[in-house]
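Some notes on the structure that comes next.
Just so it is clear, none of the values below were taken in a lab; they were calculated from the coordinates. Quick caveat, the model's predicted, so the values are computed rather than measured. So basically every Cβ, Gly included, is an ideal-geometry build from the backbone, and we count neighbours across all protein chains shown.
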Amino acid sequence: MWFFRSPQIVYGDDAISYLTELKGRKALLVTDENLFRLGFADKVKELLEEAGMETRIFSEVEPEPSLETVQKGAKFALEFKPDWIVGLGGGSCLDAAKAIWVLYENPEMDPRGINPFEEFRLREKARLIAIPTTSGTGAETTWAVVLTDREEGRKLALGSPLNTPDIAIVDPELVMKLPPPLTASTGMDALCHAIEGFTSIWHNDFCDGLCLQAIKLVFEYLPRAYRYGEEDREARVKMHNAAAIAGLGFINSMAALAHGLGHSLGAVFHIPHGRAVGLALPYTIEYCANGGGTRYREIARFLDIPFEDEHDAAFKLAEKVRELARQVDEPVSIAEAGVNSEKFKAALGKLVENANMDACTATSVRIPSDEEMEKLFRYAYEGRRVDF
Ligand SMILES: [Zn+2]
């Protein structure tokens, strides 16, 4: 038995004003300092107040939020007793909002226990709204929660289908002024979600169309959104939709190996998530294709990439991913991401260990041995085509 999970999605121009139609007494807005400073949080607060809700802001979410931060946010919620939790921001804020929501309803719970195998209470005290201010993670439509265990230097891929947001507000106005580097790295994340959602071992009929459409949108509109920003409104709108669609596509199948490697790179070298998974993606496509039995051919066909056979299709797709990365000035190797070779060599053992333990690695069509994983990281460091 399988389920397709989705929030109610409110999208398009002025979607944000839907907040004024909510019914409730109190709302807790979970965001970061930057969005607070830019006035985004106050704007959302105003709309919630227009709906008649007393609203407080927890703006302490840091990039790659820690276990401690979500525990602190949950404490804040327990004192304030909101009936809506509203996550506003990029993936970090939205993931933190999900975790804070779960811990608010289950104060005795350890955040590490937020996983699909755990039963916990939810929606007895509050419901969750997710409002993305980047076009990439798709956190608004997914139940994934990525937190950082600072003591262990490790990212924890957490979350449960139970904590899928109730409502996602996909309003393009919130991403019009997204800085180009953030547009690029988060856009690469959306591409990864869509390609991995289509090719993971749990791919399915319900997700295939969503993933293919998101792949197409990212290839077409990411370079424009990166280059022209708010001047190209259409590109912004399409990228914002693509990220939410890719989120639905991959969370109802699964991400795979590029996320396994990317989470590991992100935790060890603090490379932003989208950049880390984006640079890992072409290498993992090549590695999987070398094992055969993949679905890259179908993606190539959908994108009108001419190819000879499955292997050729995969390698051409990997090359197209690298081309896209270059167009938006994203690195295509770990070295290009600014990691020097001493640091890389010193961290290699940890990189391999993290990637092999990552939940996303388990849903890859081909799973590397320890030796292969090390080799894969070396190739991704040097920018070599994968030949094993
Ligand atoms: Zn991702």
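For the reader, a short list of remarks on this structure follows.
- Charges were assigned to the Cβ only: +1 to each Lys and Arg, -1 to each Asp and Glu. The resulting dipole of segment 216-269 about its Cα centre is roughly 60 debye.
- Centroid-to-centroid separation of segment 346-388 and segment 151-228 [C-alpha atoms, Å]: 22
- In the elastic network of the chain, a GNM with C-alpha springs shorter than 10 Å, the most mobile of 49, 140, 152 is 152.
- When the chain is described by a simple charge dipole with +1 on each Lys and Arg Cβ and -1 on each Asp and Glu Cβ, the residue from 311, 19, 357 located farthest towards its positive end is 19.
- Loop-located GluC sites (Glu not before Pro) in segment 307-350 whose Cβ has at most 10 other Cβ within 10 Å (DSSP): 308
- In the chain, helices alone account for a calculated mean residue ellipticity at 222 nm of -16500 deg cm²/dmol, with every DSSP H run of four or more residues adding -39,500 (n - 2.57).
- Over the Cα atoms of the chain, the radius of gyration divided by the Kirkwood radius equals 0.96; this is the Rg/Rh ratio.
- The chymotrypsin sites (Phe, Trp or Tyr not before Pro) of segment 112-198 that DSSP puts in a loop, and whose beta carbon has at most 13 other beta carbons within 10 Å, are 117.
- Gyration tensor (alpha-carbon) shape descriptor, segment 1-89, a/c threshold 1.5: rounded
- Greater than 18 Å apart at Cα, pairs in 75/125; 320/375; 75/98; 155/350; 216/316; 81/125: 320/375
- In a simple Cβ point-charge model (Lys, Arg +1; Asp, Glu -1; nothing else charged), segment 224-369 has a dipole of about 260 debye relative to its Cα centre.
- Efficiency of FRET from Cβ geometry, residue 121 and residue 81, R₀ 22 Å, rounded to 0.05: 0.90
- Computed from label points 7 Å out along Cα-Cβ, the spacing between residue 326 and residue 298 is 3.0 nm.
- Put a dot 7 Å past the Cα of residue 350, heading toward its Cβ, do the same for residue 42, and the two dots end up 4.1 nm apart.
- Magnitude of the charge dipole, segment 155-241, Cβ model with Lys/Arg +1 and Asp/Glu -1, debye to 20: 240
- Three-way shape call for segment 1-153 based on the alpha-carbon gyration tensor, with the a/c threshold at 1.5: rounded
- For the chain, modelled as a GNM whose springs connect Cα atoms under 10 angstrom apart, the maximal fluctuation among 30, 218, 44 occurs at 44.
- Remark: 59, 341 ranked as 341, 59, counting other beta-carbon atoms within 10 Å and listing the fewest first.
- Projecting label points 7 angstrom from Cα along Cα→Cβ for residue 176 and residue 228 puts them 1.5 nm apart.
- Sequence of 311, 240, 193, 270 once ranked by neighbouring C-beta atoms within 10 Å, starting from the fewest: 270, 311, 240, 193
- Segment 180-382: C-alpha gyration tensor shape, a/c 1.5 cut-off, then a/b vs b/c: oblate
- Comparing 256, 347, 41 in a Gaussian network model of the chain where C-alpha atoms under 10 Å apart are linked, the largest mean-square fluctuation is found at 347.
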